[in-house]
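Okay, structure first, notes after.
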Amino acid sequence: AVDATAGIYMSHESRVITAYFSADSGGHTEDASNVWAVQAPYCMAKKEIYDPSEVPGPWTKTVSYATLSAKLIEKGVIPNGSIVDHVAVAERFPSGRARSINVSLKGDFHRAVEVLATDFAHFVGLSSTLISFAIQTSGFRIDGHGNGHGAGMSQWGAKALADGLGWDARQILNFYYTDITIN
């Protein structure tokens, strides 16, 4: 693949693009502008078309309220002594990825704090923000898909398109990057 694409570059409106990519989109890519403060009209969210069995599957992580409370206190997101009572996705991007997480506190600090999903994922050690929560007795289970921010080309998706559909590099790049020219 490296030899076959040597000297080739992609452009959008006569400008070389920044070719964002992640390990695994989890079945749906993300607009680059939803991940970073960038204008990348060639890097738009779209549903993947490969066979899901050709990429890593969903993942699960369990987190106790005590552990989350300690992490959020350490990061200065909630006051010292706070105890997390509940978590939920507050807002999602059209791709399904969480944009923000609502963290409810109990006791003297009874209130809700909204945390960017990318920050929450970093604090808790999640692979992606394509997540949902299942509440459990002493904490919550996070069910997720993908690995990485999801913007641009999915490396696992590209492999699945090549292996499963027989696509070449140009077809794959034209799928992941909108309105580009391959030079």
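Numerical summary
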| quantity | calculated |
| --- | --- |
| Inter-residue pairs, beta-carbon under 6 Å, first touching a residue at least 60 places away in the same chain (Cβ under 8 Å) and in region 49-73, second of a type in the set (Val, Ile, Thr) and open to solvent by less than 30 Å² (accessible area, probe 1.4 Å), 6+ apart | Lys61/Ile142; Val63/Val124; Tyr65/Val84; Leu68/Val84 |
| Scan of region 105-128 for residues that are over 17 Å from the mean Cα position of the chain (by Cα) and farther than 13 Å from Val77 by Cβ, ordered by number | Lys106, Gly107, Asp108, His110 |
| Identity of the residue in region 1-28, polar (S, T, N, Q) and closer than 21 Å to Asp119 by Cβ, that ends up surrounded by the most Cβ atoms within 10 Å (Cβ to Cβ) | Ser25 |
| Test: residue in region 146-160 that is over 12 Å from the mean Cα position of the chain (by Cα) and assigned to a loop (DSSP other than H, G, I, E, B) | no |
| Number of positions in region 107-158 that are within 17 Å of Ala90 (Cα to Cα), open to solvent by 70 Å² or more (accessible area, probe 1.4 Å) and hydrophobic (A, V, I, L, M, F, W, C) | 2 |
| Filter pass, Val77 being of a type outside the set (D, E, K, R) and either assigned to a loop (DSSP other than H, G, I, E, B) or open to solvent by 70 Å² or more (accessible area, probe 1.4 Å) (or both) | yes |
| Of all residues making up region 80-106, the number that are assigned to a strand (DSSP E or B) and open to solvent by 60 Å² or more (accessible area, probe 1.4 Å) | 7 |
| Residue under evaluation Gly57, criteria (1) farther than 19 Å from Lys159 by Cβ; (2) exposed (fewer than 13 other Cβ atoms within 10 Å of the Cβ), criterion not met | (1) |
| Filter pass, Thr60 being assigned to a helix (DSSP H, G or I) and either of a type in the set (S, T, N, Q) or over 21 Å from Gly125 (Cβ atoms) (or both) | no |
| Set Glu30, Glu74: member being in contact with a Lys or Arg (Cβ under 7 Å, 6 or more places away or on another chain) and among the charged types (D, E, K, R) | Glu30 |
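The values are calculated or read from the model by the stated rules, or taken from the named source; none is laboratory data. Everything quoted here is computed from the prediction, not taken from an experiment. Cβ sites come from the backbone with ideal geometry, for glycine too, and all protein chains shown count toward neighbours. Areas reflect the complete protein model, heavy atoms only, side chains present, ligands, DNA and RNA absent. Shrake-Rupley method; radii C 1.70, N 1.55, O 1.52, S 1.80 Å.
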